[in-house]
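Structure record follows, encoded as structure tokens.
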Amino acid sequence: MNQVQAATSPGGGVRRALTVDDYVNGVLGKDRSILGRAITLVESRNPDHHALAEEMVLRLLPYSGKAHRIGITGVPGVGKSTFIEGLGTMLCRSGHHVAVLAVDPSSSRSGGSILGDKTRMNDLSVQPNAFIRPSPSSGTLGGVASKTRETMVVCEAAGFDVVLVETVGVGQSETVVADMVDLFLVLMLPGAGDELQGIKKGVLEIADMIAVNKADGDNAIRAGLAAREYRSALRIMKAASPNWKPPVLTCAGLSGMGLDALWEKVLEHRTIMTETGELQARRVEQQIHWMWSMLDERLMLALRQHPVVKEMLPLTEKEIIDGQLTPTVAVERILEAFGVV
């Protein structure tokens, strides 16, 4: 039976190596310690862990797929963490089991990550039926962790019926997350004038719902005006779904205002998508995207690790810098060395 080598625990002792059966039974048994270790295994860059993680996810796959998968994005300062804490806490208190996958931006130079989301969700983190997992993006497209899809499967198999995936709100992260969730929620700030000018058209095109956050107190009037502007903007755009018109709501994550109405819209969206068959079709398409994403990642890794390619890259890069070689010709040479051409 495949197993992971024993690892040193924070207290200095050595943890017992786990087999695939240990991981699967522990996750299905809702063992929080093993759940955390299972996700660590999925995220591991150690080649020795890949086969074990793949077998574990494959065995857990039949127990996944029933959760509400919700992606959440927004510009820095919009209050994503506060909103997620407010929504997650409300859902936990009503009996849901909520997993939050908070993907932090990794440093492009050091590979480090802030991983501070858990400390910003004090109320949610103490809920017995909540699980918060901050994960470094490791430089993948748009700051989205390359193993987020597998992590979702593990969390769902562990009994979490709501999975919230927070994007860093940078680059292409929105489209990447939209390709792995059932509903994509875009958070906005009050003050439609500047916000509407700065909003990316692509984000509106993939949004299943827009919520103007921080809409309580003195911001209430401005938030209402902003919501009206966003509704007008959506009218002139083609909706992502033929069966769903993205609503624009106002809410406040800190006070909880409007979160219950927002969740009702999430449930309405789920019902419509299920009854029309669009939810199942979307998930099938996402599985295909998942395959191609993993294939791209594996091919690039194999290319970079190919011995002949590794040997020729320094000289090839130097020739490009010195103007002795064009990138196009360099690519042809690299692919030829890799055995593709």
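I'm checking my understanding of the structure. Among residues of region 227-280 that are among the small types (Gly, Ala, Ser) and touching a strand residue (DSSP E or B) at 6+ places or on another chain (Cβ under 7 Å), which one is nearest to VAL162 (Cα to Cα)? Working first, answer last.
Restricting attention to region 227-280, the residues satisfying the condition of being among the small types (Gly, Ala, Ser) are 227, 232-233, 239-241, 252-253, 255-256, 258, 261, 277.
Now drop any that are not touching a strand residue (DSSP E or B) at 6+ places or on another chain (Cβ under 7 Å), which leaves 227, 258, 261.
Working: ALA227: 26, GLY258: 19, ALA261: 17 Å.
Filtering region 227-280 for residues that are among the small types (Gly, Ala, Ser) and touching a strand residue (DSSP E or B) at 6+ places or on another chain (Cβ under 7 Å), the one nearest to VAL162 (Cα to Cα) comes out as ALA261.
Going through LEU295, LEU262, LEU299, LEU254 one at a time, which residue ends up being touching a residue at least 60 places away in the same chain (Cβ under 8 Å), within 25 Å of the chain's Cα centre (by Cα) and open to solvent by 60 Å² or more (accessible area, probe 1.4 Å)? It is LEU254.
Going by the structure shown, is ARG283 out of contact with any strand residue (DSSP E or B) (no Cβ under 7 Å at 6 or more places or on another chain), within 30 Å of VAL212 (Cβ to Cβ) and part of a helix (DSSP H, G or I)? Give the steps one after another, and end with the answer.
Numbers: out of contact with any strand residue (DSSP E or B) (no Cβ under 7 Å at 6 or more places or on another chain): yes; within 30 Å of VAL212 (Cβ to Cβ): yes; part of a helix (DSSP H, G or I): yes.
Answer is yes for this residue.
Of note, GLY29 does not satisfy the criterion of being open to solvent by less than 40 Å² (accessible area, probe 1.4 Å) and farther than 21 Å from ASN122 by Cβ.
In region 215-251, which residues are open to solvent by 80 Å² or more (accessible area, probe 1.4 Å) and touching a Gly at 6+ places or on another chain (Cβ under 6 Å)? I'd like the intermediate steps shown before the answer.
Within region 215-251, the subset open to solvent by 80 Å² or more (accessible area, probe 1.4 Å) is 218, 221-222, 225, 228, 231, 235-236, 238, 242, 245.
Within region 215-251, just ARG222 meets the criteria.
Pairs meeting the criteria (first residue in region 181-199 and within 30 Å of VAL153 (Cα to Cα), second residue acidic (Asp, Glu) and at pLDDT below 90, beta carbons under 9 Å, at least 6 apart or on different chains) are PHE184/GLU174; VAL186/GLU174; MET188/GLU195. Here ALA99 clears all of (1) at pLDDT 95 or above; (2) assigned to a helix (DSSP H, G or I); (3) open to solvent by less than 20 Å² (accessible area, probe 1.4 Å) except the condition numbered (2). For region 118-142, the set of residues classified as at pLDDT 85 or above, assigned to a helix (DSSP H, G or I) and touching a strand residue (DSSP E or B) at 6+ places or on another chain (Cβ under 9 Å) consists of LEU124, SER125, listed by residue number. For region 32-74, enumerate the residues that are surrounded by 14 or more Cβ atoms within 10 Å (Cβ to Cβ), out of contact with any His (no Cβ under 8 Å at 6 or more places or on another chain) and outside any helix (DSSP H, G or I). Scanning region 32-74 gives SER64, ALA67, HIS68, ARG69, ILE70, GLY71, ILE72, THR73, GLY74.
The values are calculated or read from the model by the stated rules, or taken from the named source; none is laboratory data. All of these numbers come straight from a predicted model, not from anything done at the bench. Here the Cβ is made from the backbone with ideal geometry for all residues, glycine too, and neighbour counts use every protein chain on show. Protein only, heavy atoms only, side chains kept; ligands, DNA and RNA dropped before computing areas. Shrake-Rupley method; radii C 1.70, N 1.55, O 1.52, S 1.80 Å.
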